[in-house]
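*Asks:* I'd like to ask you about the structure that follows.
Just so it is clear, none of the values below were taken in a lab; they were calculated from the coordinates. Model, not experiment: these values are computed from the prediction. All Cβ positions, glycine included, derive from the backbone under ideal geometry; neighbour counts span all protein chains shown.
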Amino acid sequence: MKKLLKDQLFALLLGLIDGILTVLALATGHVLKHGETPITLSLSLKVAFATAVSGACIYFFSEYSRQRHRLIHAEKQLNLATHGRLATTHIGRQILRETLWGVLISSIFNFAGGMLPLSTAMIFPQAQWVAIVIALLMLVLLGIGIASLVYGNALAWSVSLVLAGAFVAFIGYKLNVV
Amino acid sequence: MGIRQILLDVDKARERPEIVDIATAIESVDCVEGLSIVVNEIDMETVGMEITVEGEDLKYDEIVAAIEKTGAVVHSLDQLLAGKKMITPVHRSR
């Protein structure tokens with residue numbers, strides 16, 4: 001399991017960041033403009049499910065096409081005369097399998113990343129803005145986590161992610177999607 | 001006449017397949033009793049290997065197919081030993 005998560009770190013981070021940012025974009029307008037209408041479980045599930053499904057499709061098509069393109073590149077390096085030959089070998093099945101695992105992991109973390117802030121809004125119906133704070137806090141923690149993984153600057157990573165989150169939240173507030 | 005030993009020049013992309021996967025694929029072919037894989041060239045994108053396979057009655061086509069199924073490419077058959085007796089090749093010196 002640990003190895004799978006390590007191999008699928010890209011999918012995990014993509015899912016988590018996508019889930020949090022999408023929720024910020026979709027829910028900020030609702031929370032700040034219609035605070036009197038509480039976020040329900042049904043709304044939370046709908047938003048988290050929609051982001052997870054769209055994230056899964058985006059991940060599958062972009063990652064699988066990227067991997068197939070890398071196979072074409074490898075074919076050129078190996079001087080293979082026919083294109084698409086490597087895709088019919090074990091490697092072709094391997095990249096499809098890895099991509100599907102990535103889709104699963106990305107979807108789970110996408111759903112969790114979306115559901116967690118919205119759940120707090122359900123717990124505190126009088127202070128729904130807590131959802132936005134929790135989402136931004138999650139981005140801070142994520143920044144610290146990424147920094148420790150890549151031996152980077154935790155402050156720089158956290159601030160960058162929070163700025164991205166704040167920007168997306170501002171757009172969501174202006175557009176007032178949900 | 002049974003083929004007893006073959007020496008193949010094989011290339012693979014750096015990332016995939018793993019050398020262990022290639023060895024496992026060759027080993028799964030009937031009549032293969034042993035093999036060795038020696039990496040002799042590492043490029044930016046590719047890895048060149050010399051693969052020696054030994055057995056009593058090797059099926060050359062099946063071995064090549066097994067290697068290519070993993071995603072590696074057989075470039076040439078560089079040496080072949082066959083017959084009842086194993087003969088040590090004598091390399092001509094000029």
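*Asks:* Contact order normalised by length for region B:1-84, with contacts defined as Cα pairs under 8 Å and 6 or more residues apart; what percent is it?
*Replies:* Once divided by the residue count of region B:1-84, the mean separation gives 51 percent.
*Asks:* Same structure again: For Cα pairs less than 8 Å apart in space and 6+ apart in sequence, what is the mean separation divided by the residue count of chain A, i.e. the relative contact order in percent?
*Replies:* Computed over chain A, the figure is 39 percent.
*Asks:* Can you work out the FRET efficiency for the pair B:Ser28 and A:Leu9, with r the C-beta to C-beta distance and R0 = 35 Å, to the nearest 0.05?
*Replies:* According to the calculation, E is roughly 0.65.
*Asks:* From zero up to wherever the largest Cα-Cα distance of region A:1-42 sits, split into 5 Å bins and tell me the percent of pairs in each.
*Replies:* Taking every Cα pair in region A:1-42, the percentages come to 5, 20, 16, 17, 11, 10, 10, 7, 4, 0.
*Asks:* Sticking with this structure for a sec: How big is the convex hull of the Cα atoms of chain B, per residue, in Å³?
*Replies:* Dividing the Cα hull volume of chain B by its residues yields 99 Å³.
*Asks:* I've got another one for you. With all pairs of different alpha carbon atoms counted, what Kirkwood hydrodynamic radius in Å does region A:110-162 show?
*Replies:* The Cα-based Kirkwood calculation yields 11.6 Å.
*Asks:* Let me ask something else. In chain B, with Lys and Arg counted as +1 and Asp and Glu as -1 at Cβ, which of these residues, B:Ala65, B:Leu81, B:Ser36, has the Cα nearest the positive end of the dipole, that is, farthest along it?
*Replies:* The residue sitting most towards the positive pole is B:Leu81.
*Asks:* From the mean inverse distance of alpha carbon pairs (Kirkwood) and the Cα radius of gyration, derive Rg over Rh for the protein assembly as shown.
*Replies:* 1.22
*Asks:* So, one more: Between helix B:60-70 and chain B, what is the angle of the helix's C-alpha long axis to the longest principal axis, kept within 0 to 90° and rounded to the nearest 10?
*Replies:* So the helix axis and the longest Cα principal axis differ by about 10 degrees.
*Asks:* Using only the alpha carbons of region B:1-53, what is the convex hull's orientation-averaged projected area in square nanometres?
*Replies:* Computing the convex hull of the Cα atoms and averaging its projections yields 3.7 nm².
*Asks:* Okay, next question. Relative contact order of region B:1-49: what whole-number percent is it, with Cα pairs under 8 angstrom and at least 6 residues apart?
*Replies:* 44
*Asks:* Name the residues whose placed amide hydrogens come within less than 5 Å of the amide hydrogen of A:Arg85, ignoring near sequence neighbours (fewer than 5 apart) on the same chain.
*Replies:* Correct list: empty.
*Asks:* I'd like the Karplus ³J(HN,Hα) series for region B:20-32: coefficients 6.51, -1.76, 1.60, θ = phi - 60°, whole numbers in Hz, and an x wherever there's a Gly or Pro.
*Replies:* My calculation for region B:20-32 gives 4, 5, 5, 4, 4, 5, 5, 4, 6, 6, 4, 6, 7 Hz in order.
*Asks:* Over the residues of region A:29-172, compute the C-alpha Rg and express it relative to 2.2 N^0.38 Å. Working shown, then result.
*Replies:* Values: Rg = 20.2 Å, N = 144, 2.2 N^0.38 = 14.5 Å.
For region A:29-172, the normalised Cα radius of gyration is 1.39.
*Asks:* Please give the FRET efficiency for B:Val39 paired with A:Cys57, using the beta carbon to beta carbon distance and R0 = 35 Å, rounded to the nearest 0.05.
*Replies:* On the way: r = 40 Å, r/R0 = 1.14.
It comes out at approximately 0.30.
*Asks:* Note the count of lysine pairs whose C-alpha atoms are less than 18 angstrom apart in the protein assembly as shown, limited to pairs 8 or more residues apart or on different chains.
*Replies:* Qualifying lysine pairs in the protein assembly as shown: 7.
*Asks:* For A:Leu13, A:Leu118, A:Leu149, A:Leu21, what ranking results if the residue with the fewest other Cβ atoms within 10 Å of its Cβ goes first? Present the calculation step by step, with values, prior to reporting the outcome.
*Replies:* Details: A:Leu13 16, A:Leu118 25, A:Leu149 12, A:Leu21 22.
With the fewest neighbours first, A:Leu13, A:Leu118, A:Leu149, A:Leu21 line up as A:Leu149, A:Leu13, A:Leu21, A:Leu118.
*Asks:* Run through every distinct alpha carbon pair of region B:33-83 and return the Kirkwood hydrodynamic radius in angstroms, one decimal place.
*Replies:* 12.2
*Asks:* Right, here's the next one. Could you list which residues have their amide H under 5 Å from that of B:His75, counting only those 5 or more apart in sequence or on another chain, with H placed in the peptide plane?
*Replies:* B:Asp9, B:Val10, B:Asp11
*Asks:* Beyond 14 Å, what share of the Cα-Cα pairs of region A:16-89 remains, rounded to the nearest whole percent?
*Replies:* Percentage above 14 Å: 71.
*Asks:* Over what distance in Å are the Cα centres of region B:22-94 and region A:13-92 separated?
*Replies:* What the calculation gives is 42 Å, centre to centre.
*Asks:* So who's got an amide H within less than 5 Å of the one on A:Asn176, skipping anything under 5 residues away but keeping other chains? H placed 1.01 Å off N, in plane.
*Replies:* A:Gly29
*Asks:* Based on the mean of other Cβ atoms within 10 Å per residue, sort peptides A:156-165, A:72-81, A:43-52, B:39-48 so the most packed one is first.
*Replies:* Ranking, from highest mean packing down: A:43-52, A:156-165, A:72-81, B:39-48.
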